[in-house]
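To keep things clear, I will list the structure first and then write my remarks on it.
The values are calculated or read from the model by the stated rules, or taken from the named source; none is laboratory data. No experiment lies behind these values; they were computed from the predicted model shown. Positions of Cβ are generated from backbone atoms using ideal geometry, with glycine treated the same way; all protein chains shown enter the neighbour counts.
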Amino acid sequence: NDYPGLNNLKTVNDRVGEAPVEVDRRIIDLLLEAREMYGVTGGKVNVAFGSVLSIWHDYREAGIPDPERAALPPMEALRAAAEHTDPEAVVIDEERST
């Protein structure tokens, strides 16, 4: 959620590609830990996987009220979203807290 005067991970995601977003040091630490866990778990923990998960979420939500029309997301959409899930592509500047 958005909160006035507070930059959180939603703020960061909303501004991807625009400019660095200054965040609380705890968010920087969380992202650094998540990046490390990506390697430790062989990719099973991935904070950059939101675009893929969002597609699954949308299809699941669409199928709940109408199970007869429930469907799996198209593999092409999942593959396209997966092209942007490299946690190393998340630019972290510890000194600027961005």
Practice task
Within region 2-16, work out how many residues are over 14 Å from residue 96 (Cβ atoms) and either within 14 Å of the chain's Cα centre (by Cα) or among the basic types (Lys, Arg) (or both).
Solution key: 8
Handout entry: Subset of region 71-91 [in contact with a Lys or Arg (Cβ under 8 Å, 6 or more places away or on another chain) and in a loop (DSSP other than H, G, I, E, B)]
Key = 90
Completion exercise
Counting only residues that are farther than 19 Å from residue 6 by Cβ and either modelled with pLDDT of 95 or more or in contact with a Cys (Cβ under 7 Å, 6 or more places away or on another chain) (or both), region 17-34 contains a total of 3
Practice task
Would you tally the residues in region 37-65 being part of a helix (DSSP H, G or I), under 19 Å from residue 75 (Cβ atoms) and hydrophobic (A, V, I, L, M, F, W, C)?
Solution key: 5
Completion exercise
Among residues of region 15-29 being touching a residue at least 12 places away in the same chain (Cβ under 8 Å) and not in a loop (DSSP other than H, G, I, E, B), the residue surrounded by the fewest Cβ atoms within 10 Å (Cβ to Cβ) is 25
